[in-house]
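Here's the structure, in C-alpha cells; my notes come after.
The values are calculated or read from the model by the stated rules, or taken from the named source; none is laboratory data. Keep in mind the model is a prediction, meaning the values are calculated, not measured. Every residue, glycine as well, gets a Cβ built from its backbone with ideal geometry; the counts of neighbours run over all protein chains shown. Ligands, DNA and RNA are stripped out before the accessible areas are found, and what is left, the full protein with its side chains, is counted by its heavy atoms. Shrake-Rupley method; radii C 1.70, N 1.55, O 1.52, S 1.80 Å.
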Amino acid sequence: MTPATTPGNYSNRHLRWLLALPKLGIILLIAALLSLLWLLHLNEIEEERSALIKDVLWLEQNLRFHLVGVEEQMQQLAVDLGIQQEMQRSFRLRAGHLLKNTPEITQIVWFDAAQRIIDALPGDLPPDHETESFGPSNTNRTFELARKMGKTVYSEPFFVTGRGAVVELAVPIFHDRRFSGMLVAVLPLDSLLGNQVPWWFTEKYQVVITDDNDTLYASKTHIAGQSGQVYQVPLDPPGYGLLLRITSYRSGSNPLQILLTIAIVLLAAGVFWSLWIVRDLMKKRSQAEEALRAEHAFRTAMEDSLTVGMRARDLKGKVIYVNPAFCKMTGFSSEELVGSTPPMPYWIPAQIDEAFAMHQAVLAGQAPVDGFEMTFRRKNDERFEALVYEAKLIDGNGQHTGWMASVLDITERRRTEELARQQQEQLQFTSRLVTMGEMASTLAHELNQPLAAIASYNSGCLNLLERPGCQPQDIRPALEKLGVQAQRAGKIIRRVHAFVRKSEPKRAPCLLAEVIEDCVGFVEAEARKRQIHLDCQIPAVPAVPADRLMLEQVLLNLIRNGMEAMAETPGEHRQLVIRLQRDDSELRISVADQGSGIAPEIRDKLFTAFFTTKPEGMGVGLSICRSIIEFHRGRLWAENNDTSPSGSGTIFLFTLPLEESS
Ligand code: ADP
C-alpha cells in the first residue's frame, strides 16, 4: 500500500507544523531574553569596573593628598624645630597636636644629626624598635637617604609586631642650612587605611596594600563573600612598588535578575506545557474530527445507498432535507426540493386538496402510524404510488424540530400484487377445471344413480300402464319419484356448471350446513368407492357472509385430500370427520382424517403453490384454499390428528368470522 495523502494525514502534518512554529518562536524568544539578560550582565560588569576604577583612583588620590598633607605638616614642624633650638617642649606640643589631628601617625620621633633620639611622642619607643625589621639597617637607610637628599623620604614598608606593616616618613631638619636632625613619623599602613578609607568604600570593596610579590601589608573591608573584579594602582607615596589593590565584592547575584530569569524559565516551561496540552487537545480534536468525518461519510454512504426515499420537513412544513433515493423517485433534484413549501412539486395538481389535507394532518401529528398511500407525480409527469411513513424528527437535544418521512415507491409492488391476484384467479379457475376433471368420473357415477332410478321408474310405469285396469293414480307415485330423481340429476348438472363457471367472488349470507351437505353430496360416490365413512357433525349455526362456491371449493379440496391420505389406512379406520363449531364470533370447520399425516419437514411448505407429494398432483389446492379463507378474513391451518384411533392423521381447520368486520 502506498502511503496515502488522505485529508487526515495532511491535517496531521499540517497540525505538526502549526504546533512547531509557536515552539520555535518560543525557543527564539527565550534565547533572545537570555541573551538580553547576558548583555545586561556584561553591561553591569562593565559599569562595575568603571565604578571600581573611578573609586580606586579617587581613593589613591585621597591617600596621596592626605600623605602630602602629612608631609607638609611634618616639614613645617621640622622647619620650626630647625629654627628654634632646644624646643623640646614645643616639639611635644606640636607633635602631640599633629598626632591628634592625624590619627594614622602612631609616633613621631626626633633624632639629632648623629641619629640619636632627642625625643619621641608618644614617649615609649616601640618595643620592636630594635627588631630586625626596624633595625638600624632599615632606619639608617631611610635616615641616610633623607639626610643626603635633604628632603622628605619614605621608608620601605616593614613589619612591626602589634602594628603590622608600617612605613616611616623621615623629614630632615636643617639649621642654618646645616643638617641638624631628623623627624620620623611612624605610619602603620593598617591605620592609614583604617582612617582614610571611608566606611561606604569598605562596604563595596576590599582595600589592600600589597606589592608585586603579593605580600599583604594592610587590608580593610567590611564585607565577605565571593570576590569579583580587581583593580590596582601604584601607591606613591610611599612608593617602593607598593600597590593599592581594590577588589570589588559581589553583593550576591541581583535578586531581581534571578527572579526575572526564574520567571522567564518558568514562563517558558508554562508555555511549553500549555503548548503540549494544546497539542494533545488538537490531536484529540483532529482524531474526533477524523472519526466524525468517517461517521459522516458512512452515514452519507448509507443515505445514498438507501432505496427508501427520505424527506425531512420542519414544523411549518418546509422541506429541509431529501435523500438521493427520494430525488431519484420524484425526478426532482435536491436543490429543487429543499426549501419548497406546499403545494409540493411532486403533488398531483388534480389532487392538491387531498395532498394538502394529508400534509396538514401530518403537521398536526395525526398521520396514520402504519403509513398511508398517496399518488405522487414525477418531474416527467409520470404517476407513482407511494407508501409514506411519517415520524417526528427529534434533534440531539430531544427537541421536536420537524417531521421525517420515509417514502416507498410501491407502484411496482401494486402491479405485482394485481398480477398475482389475476394469476390466483386464473389458478382458481384452473383448479376448478382440475377438480371438475377429477370429479367427472364421480359425477358420471353419481348421475348414473338418478338416471338408473329414472329408467327403472320409467320402465315400472310402462309395465304398470300395460297392466289391465291400470289407474293413473297407480303410476303417480312412481312418476313423482322419477321427477325427484330427474331434479336431482339436474341439480348435479347445475352445480357442476356453476362450479366451473368463472365469476367474481360474490358474498352472500351462506349457511355452512348446506355447503357441507352439498360437498358431501359431491364426494359421496367417491367415498363409497374408497370405502371411506363420512361423518358429519353439523349443529345449527348462523349464516356467514361468504362466496358459497369458493367455500365449496375449499371443503371439496380438504375432503378429497383427506380421502387420498387414507389410501393406505386399514378399512376399519377409514373415517373422515367433518365438524362445524361455533366459537364466539367465528365458525370453525374441521376436516379430520386418519391418513398418513404430514411429515414435519414438509409442514412449512404445505400452503406453498405447486408443492405436492402426489405423482398426479398439481400442488395448488391448499394454496388456493388459504387465499380463499383469508379473502373471507379467516384462517386455515393443519394440525396432527393426535386422538385418531389409527394413531396418525391430519386435521385441517379453518375459521370464518360471523360478522363482516369491515
Ligand atoms: P395436491 O393435492 O395437488 O398435491 P394440495 O395443495 O392440495 O395439492 O396438497 C399439497 C400437499 O399437501 C399434498 O401433496 C400432500 O402431500 C399434503 N397434504 C394435503 N392434505 C393432506 C392430508 N390430509 N394428509 C396428509 N397430507 C396432506
field: Residue in region 512-527 that is open to solvent by 10 Å² or more (accessible area, probe 1.4 Å), within 16 Å of the ligand (Cβ to nearest atom) and without any contact (Cβ under 8 Å) to a residue 60 or more places away in the chain present
entry: no
- prompt: Any residue at all in region 627-647 that is within 20 Å of ILE516 (Cβ to Cβ), assigned to a helix (DSSP H, G or I) and open to solvent by 80 Å² or more (accessible area, probe 1.4 Å)?
  reply: yes
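How many of the residues making up region 287-343 are hydrophobic (A, V, I, L, M, F, W, C), under 32 Å from the mean Cα position of the chain (by Cα) and not in a loop (DSSP other than H, G, I, E, B)?
15
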task: Considering each residue of region 590-603, count those that are within 9 Å of the ligand (Cβ to nearest atom) and open to solvent by 50 Å² or more (accessible area, probe 1.4 Å), and give that number.
output: 1
task: Could you pull out the residue among LEU587, LEU606, LEU653 that is more than 13 Å from the ligand (Cβ to nearest atom) and either modelled with pLDDT of 90 or more or among the aromatic types (Phe, Trp, Tyr) (or both)?
output: LEU587
message: If I go through region 551-571 residue by residue, how many of them are farther than 14 Å from PHE522 by Cα, modelled with pLDDT of 90 or more and more than 10 Å from the ligand (Cβ to nearest atom)?
response: 4
query: Looking at this structure, is ARG421 touching a strand residue (DSSP E or B) at 6+ places or on another chain (Cβ under 9 Å) and either assigned to a strand (DSSP E or B) or at pLDDT 70 or above (or both)?
result: no
statement: Filter region 137-172 for residues that are charged (D, E, K, R) and either in contact (Cβ under 8 Å) with a residue 60 or more places away in the chain or not in a loop (DSSP other than H, G, I, E, B) (or both); the one that is least open to solvent (accessible area, probe 1.4 Å) is GLU168
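To keep it simple, each residue is scored yes or no on (1) within 18 Å of MET182 (Cα to Cα); (2) open to solvent by less than 80 Å² (accessible area, probe 1.4 Å).
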| position | (1), (2) |
| --- | --- |
| LEU39 | no, no |
| GLU46 | no, no |
| ASP55 | no, yes |
| PHE65 | no, no |
| GLN75 | yes, yes |
query: How many residues does region 612-650 hold that are farther than 20 Å from PHE429 by Cβ and within 7 Å of the ligand (Cβ to nearest atom)?
result: 3
- request: Tell me which of these ASN458 doesn't satisfy, since it passes every other one: (1) touching a helix residue (DSSP H, G or I) at 6+ places or on another chain (Cβ under 9 Å); (2) closer than 21 Å to THR430 by Cα.
  value: (2)
Looking only at region 624-662, and only at residues there that are β-branched (Val, Ile, Thr) and touching a residue at least 60 places away in the same chain (Cβ under 8 Å), the one that is farthest from PRO509 (Cα to Cα): THR650
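Can you find even one residue in region 489-510 that is modelled with pLDDT of 90 or more and either open to solvent by 30 Å² or more (accessible area, probe 1.4 Å) or farther than 27 Å from GLY460 by Cα (or both)?
For region 489-510, residues modelled with pLDDT of 90 or more and either open to solvent by 30 Å² or more (accessible area, probe 1.4 Å) or farther than 27 Å from GLY460 by Cα (or both): present.
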Single unsatisfied condition, ALA350 versus (1) assigned to a helix (DSSP H, G or I); (2) within 16 Å of GLU390 (Cα to Cα); (3) among the hydrophobic types (A, V, I, L, M, F, W, C); (4) open to solvent by 20 Å² or more (accessible area, probe 1.4 Å): (2)
Any pair with Cβ under 7 angstrom, 6 or more apart, that starts in region 581-608 at a residue that is of a type in the set (Ser, Thr, Tyr) and ends at one that is more than 7 Å from the ligand (Cβ to nearest atom): SER585/PRO657; SER585/LEU658; SER585/GLU659; SER590/ARG579; SER590/ILE651; SER590/LEU653; SER596/GLU568; SER596/SER648
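Considering each residue of region 171-193, count those that are among the small types (Gly, Ala, Ser) and touching a Phe, Trp or Tyr at 6+ places or on another chain (Cβ under 6 Å), and give that number.
Looking only at that region, the number is 1.
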field: Per-region count, region 176-210, residues modelled with pLDDT of 85 or more and part of a loop (DSSP other than H, G, I, E, B)
entry: 2
